[in-house]
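Peer 1: Provided herewith is a single structure, encoded as structure tokens, for subsequent inquiry.
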Amino acid sequence: MNVSALDEAGPRPRRVAIGTFDGVHLGHRDVIRSSDTVLTFDPHPLAVIAPHAMPKLLDPLSVKRDLIAGLGVAEMVVIPFDERFARQQADGFVREVLVGRLGARHVSVGENFRFGWRAQGDAAMLARSPEFDTTVVPLVEVDGETVSSSRIRALVAAGEVAPAARLLGRPYVLEGVVVHGDGRGRELGMPTANIVPDDALVHPGHGVYAAIAEHPGGTHVAAVNVGVRPTFETGRGLLVEPYLIDFSGDLYGQVLRLHFLERLRGERRFESAEDLIVQMRADVEEAHRIASATVLSR
């Protein structure tokens with residue numbers, strides 16, 4: 001998929017899906033379906049318009065890019081969202097961006113999409129534009145619950161990664177660079193690839209999870225601890241610590257993506273390192289069972 005900034009995109013007949021698409025969830029997929037171009041914003045508009053209301057996001061741009069590419073989209077155009085762009089009038093956005101810069105012939109948005117200065121533009125305004133056809137996609141529901149990025153963020157933060165996956169249409173993904181830890185996992189016979197989570201992004205609540213770890217060399221089932229390791233007085237802050245089953249090698253400095261499948265248990269303090277090792281082995285067995293069942297069900 002080609003990724004470009006708005007000022008690099010020359011006009012051509014395009015089918016454009018517009019949105020922030022945080023999480024690229026089931027509702028977003030309906031908006032993106034049948035589009036060849038996704039138009040999105042970086043940073044998230046709330047970071048400029050109302051920083052106090054800015055949520056922690058589900059995806060960095062790198063993950064969003066790959067999720068959108070996985071839907072078969074040929075092009076992603078990214079608008080650098082700043083104060084100047086935030087002040088653009090809604091009709092100017094239609095005239096200068098959609099028609100002038102992109103040459104849109106079809107536009108797809110969610111029914112709650114707003115744009116332009118003070119959010120004066122909406123889906124109905126787009127539908128009145130004669131230069132392109134417009135598809136307005138209704139909100140999607142799963143089990144009677146509206147699919148939204150805010151709901152998914154809340155589920156992930158609570159550790160409810162399996163319910164979040166039903167709304168995403170895939171497992172929740174956390175990406176990070178592997179850093180050096182204190183070697184505690186290696187001492188216990190289960191070396192972990194440590195990630196310091198980005199504070200601007202949502203992370204799963206404290207606990208142990210079954211996951212699939214994806215790295216440049218392949219994929220492995222993983223048991224992942226998210227928390228502060230209360231059994232040991234480390235003095236370190238929050239860490240995401242995946243133990244990659246049947247993996248040997250050096251991942252330091254590499255980008256690791258964790259696809260969270262299910263929460264196994266809460267994080268807790270153990271009386272001894274031996275008790276912790278027994279529980280860790282049980283966690284690994286359960287993570288392997290869940291991952292195997294997940295693969296077989298697809």
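The values are calculated or read from the model by the stated rules, or taken from the named source; none is laboratory data. None of the values given here were measured: they were computed from a predicted structure. Every residue, glycine as well, gets a Cβ built from its backbone with ideal geometry; the counts of neighbours run over all protein chains shown.
Peer 1: So is Ser34 on the phi > 0 side of the Ramachandran plot, in the same structural domain as Asn112 (by TED's automatic domain parsing) and either out of contact with any Lys or Arg (no Cβ under 9 Å at 6 or more places or on another chain) or modelled with pLDDT under 95 (or both) or not?
Peer 2: So Ser34 fits the description; yes.
Peer 1: I would also like to ask the following. Looking at Pro43, is it surrounded by fewer than 17 Cβ atoms within 10 Å (Cβ to Cβ) and either within 24 Å of Leu258 (Cα to Cα) or assigned by TED's automatic domain parsing to the domain that holds Asp199 (or both)?
Peer 2: It is true that Pro43 is surrounded by fewer than 17 Cβ atoms within 10 Å (Cβ to Cβ) and either within 24 Å of Leu258 (Cα to Cα) or assigned by TED's automatic domain parsing to the domain that holds Asp199 (or both).
Peer 1: Let me ask something additional. Could you list all residues from region 102-124 that are touching a helix residue (DSSP H, G or I) at 6+ places or on another chain (Cβ under 6 Å) and over 21 Å from Arg33 (Cα atoms)?
Peer 2: Across region 102-124, the qualifying residues are Gly116, Gln120, Gly121.
Peer 1: Please state which one of Val24, Val31, Val3 is of a type in the set (A, V, I, L, M) and under 16 Å from Glu175 (Cβ atoms).
Peer 2: None of the others qualify; the one that does is Val24.
Peer 1: Still on this structure, I have one more. Quick one: Tyr252 ticks every box in (1) surrounded by fewer than 16 Cβ atoms within 10 Å (Cβ to Cβ); (2) hydroxyl-bearing (Ser, Thr, Tyr); (3) at pLDDT 95 or above bar one, so which box is it?
Peer 2: (3)
Peer 1: Got a number for residues in region 198-222 being part of a strand (DSSP E or B) and not hydroxyl-bearing (Ser, Thr, Tyr)?
Peer 2: Of the residues in that region, 13 qualify.
Peer 1: Quick check on region 266-293: of everything there that is outside any loop (DSSP other than H, G, I, E, B) and in contact with a helix residue (DSSP H, G or I) (Cβ under 9 Å, 6 or more places away or on another chain), which residue is surrounded by the fewest Cβ atoms within 10 Å (Cβ to Cβ)?
Peer 2: Filtering first and then ranking leaves Ala273.
Peer 1: Give all pairs with beta carbons closer than 8 Å in which a residue from region 157-169 that is in a helix (DSSP H, G or I) meets a residue that is acidic (Asp, Glu); count only pairs at least 6 apart in sequence or on separate chains.
Peer 2: Going by the 8 Å Cβ cut-off, the qualifying pairs are Val161/Glu262; Ala162/Glu262; Arg166/Asp143; Leu167/Glu145.
Peer 1: Touching a strand residue (DSSP E or B) at 6+ places or on another chain (Cβ under 6 Å) and modelled with pLDDT of 95 or more: is that true of Leu174 in this structure?
Peer 2: yes
Peer 1: Right, here's the next one. Of the residues Asp36, Asp30, Asp59, only one is in contact (Cβ under 8 Å) with a residue 24 or more places away in the chain and either in contact with a helix residue (DSSP H, G or I) (Cβ under 8 Å, 6 or more places away or on another chain) or of a type in the set (Gly, Ala, Ser) (or both); which?
Peer 2: It is Asp59.
Peer 1: Ok, one more. Within region 18-73, how many residues are of a type in the set (A, V, I, L, M), in contact with a strand residue (DSSP E or B) (Cβ under 6 Å, 6 or more places away or on another chain) and in a loop (DSSP other than H, G, I, E, B)?
Peer 2: 1
Condition check ((1) outside any loop (DSSP other than H, G, I, E, B); (2) crowded, with 17+ Cβ neighbours inside 10 Å; (3) not assigned by TED's automatic domain parsing to the domain that holds Val48) across all residues:
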| position | (1), (2), (3) |
| --- | --- |
| Phe93 | yes, yes, no |
| Val97 | yes, yes, no |
| Gly100 | yes, no, no |
| His106 | yes, yes, no |
| Arg118 | yes, no, no |
| Ala124 | yes, no, no |
| Pro130 | no, no, no |
| Ser150 | yes, no, yes |
| Arg153 | yes, yes, yes |
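Peer 1: Write out, first by first residue and then by second, each pair whose Cβ atoms fall under 8 Å of each other, whose residues are 6+ apart or on separate chains, and whose first residue, in region 195-206, is over 19 Å from Met54 (Cα atoms) and assigned by TED's automatic domain parsing to the domain that holds Val177 while the second is aromatic (Phe, Trp, Tyr) and assigned to a loop (DSSP other than H, G, I, E, B).
Peer 2: none
Peer 1: Quick one: Val147 ticks every box in (1) touching a strand residue (DSSP E or B) at 6+ places or on another chain (Cβ under 6 Å); (2) of a type in the set (A, V, I, L, M, F, W, C); (3) in contact (Cβ under 8 Å) with a residue 40 or more places away in the chain bar one, so which box is it?
Peer 2: Going through (1) touching a strand residue (DSSP E or B) at 6+ places or on another chain (Cβ under 6 Å); (2) of a type in the set (A, V, I, L, M, F, W, C); (3) in contact (Cβ under 8 Å) with a residue 40 or more places away in the chain one by one, Val147 breaks only (1).
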